[in-house]
1. Taking region 204-227, which residues are β-branched (Val, Ile, Thr) and over 13 Å from HIS244 (Cα atoms)?
2. Taking THR54 as meeting all but one of (1) at pLDDT 95 or above; (2) of a type in the set (Val, Ile, Thr); (3) out of contact with any Phe, Trp or Tyr (no Cβ under 7 Å at 6 or more places or on another chain), write down the number of the exception.
3. Among the residues of region 30-50, which ones are in a helix (DSSP H, G or I) and in contact with a His (Cβ under 9 Å, 6 or more places away or on another chain)?
4. Residue by residue through region 37-70, note down the ones that are surrounded by fewer than 23 Cβ atoms within 10 Å (Cβ to Cβ) and either acidic (Asp, Glu) or in contact with a strand residue (DSSP E or B) (Cβ under 8 Å, 6 or more places away or on another chain) (or both).
5. Among the residues of region 242-256, count how many are at pLDDT 95 or above and either within 17 Å of the chain's Cα centre (by Cα) or not in a helix (DSSP H, G or I) (or both).
6. Among the residues that make up region 225-239, is at least one of them buried (at least 23 other Cβ atoms within 10 Å of the Cβ) and farther than 22 Å from VAL290 by Cβ?
7. Starting from region 282-301, take each residue that is more than 22 Å from ASP220 (Cα to Cα) and modelled with pLDDT of 95 or more and list its partners that are of a type in the set (Asp, Glu) and part of a loop (DSSP other than H, G, I, E, B), counting only C-beta distances under 9 angstrom and pairs at least six apart or across chains.
8. Kindly indicate the residue of region 149-169 that is in contact with a Phe, Trp or Tyr (Cβ under 6 Å, 6 or more places away or on another chain) and in contact (Cβ under 8 Å) with a residue 40 or more places away in the chain and also surrounded by the most Cβ atoms within 10 Å (Cβ to Cβ) among those meeting that condition.
Amino acid sequence: MIKQRGQRVPTLHNSFNLNKIMKNIIILDGGMGRELHRRGAPFRQPEWSALALTESPESVQAVHADFIRAGAQVITTNSYAIVPFHIGETRFANEARQLADLSGKLAQQAVQACGVKVQIAASFPPLFGSYRPDLFDENRADELAQPLLDGLLPYADIVLAETVSSLQEAAFWYGKLKHSGKPIWLSFTLDDTKKYEQAILRSGETVFQAAETVKNWDIDAILFNCSQPEIMANAIVAAKQVLHNRMKIGVYANAFEPVQGEMNDANGELDPIRADNSPENYVAWARTWVNAGAEIVGGCCGIAPEHIGALARYFQAA
């Protein structure tokens, strides 16, 4: 079991030959918001990564293009912050569909400009704030999800509900996305603020429960994102025990410093990036995830094109 605290870089165990598995690994992109911030693109609270959609769309396209050039085989639309939590109720009501359409268009333009075969995953975010299963309002979720669906689906090769904190939220997104005609990826965020004997969602539900819930759904992949890299292998093992080979399993961790105590939400402020966030260390973590059974690997907040380039080079070399 990988330690959740105190172990900054994993020890690799060559328990079996991973070469055949490695060459089939799907490489995702990294985190859009923190990369925009790092480059000096328009970025502030509360708009977060949505601000660049209107003030500097060329910056969004440039980040997409750099992830593609680094080796990403799937890029994610910059639609994560198109929710009232970030852009406000009035702007969401008036512009959500337009902004979602723009985020899809910028991803599409980046793929076309790079001239390579890359899939676009339409990002469907937490509608009421990241890491907050307590705020999920199913009575209002339809109203908020529809403009995102309308704007994003024309550009999507994959539909990705990400940073899902609870099984209630997962069931909602599955109900909305199963009629899209697109492959469905469902990505859970894990509680990384405490030490647990098993991997759990931020709702307190276990990964075993999550896997049991989704195992008969018509989805293509279950993933884990926006959590510490230390806890991901446990989640993969738990999911694998339930799912076997029913669907792919993936990971895209964040690069935040470990949180001591309770965390109320994500994107409320700029969390510090961990000091050991080097591309080499991230590849080491990714190897442990693949060793545990992951077939999809990428990055979330704080994972930049150089990290994705290192992943691509490592797994392609295998």
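1. Answer for region 204-227, where residues must be β-branched (Val, Ile, Thr) and over 13 Å from HIS244 (Cα atoms): THR206, VAL207, THR213, ILE219.
2. Going through (1) at pLDDT 95 or above; (2) of a type in the set (Val, Ile, Thr); (3) out of contact with any Phe, Trp or Tyr (no Cβ under 7 Å at 6 or more places or on another chain) one by one, THR54 breaks only (1).
3. Answer for region 30-50, where residues must be in a helix (DSSP H, G or I) and in contact with a His (Cβ under 9 Å, 6 or more places away or on another chain): MET32, TRP48, SER49, ALA50.
4. GLU47, GLU55, GLU58, ASP66
5. Residues of region 242-256 at pLDDT 95 or above: 242-243, 246-255.
Of the ones still in play, those that are also either within 17 Å of the chain's Cα centre (by Cα) or not in a helix (DSSP H, G or I) (or both) are 246-255.
Looking only at that region, the number is 10.
6. no
7. Partner pairs satisfying both residue conditions: CYS301/ASP271.
8. LEU160
The values are calculated or read from the model by the stated rules, or taken from the named source; none is laboratory data. Note that the structure is a prediction, hence the values are computed from the model and not measured. Positions of Cβ are backbone-derived with ideal geometry, glycine not excepted, and every protein chain shown enters the neighbour counts.
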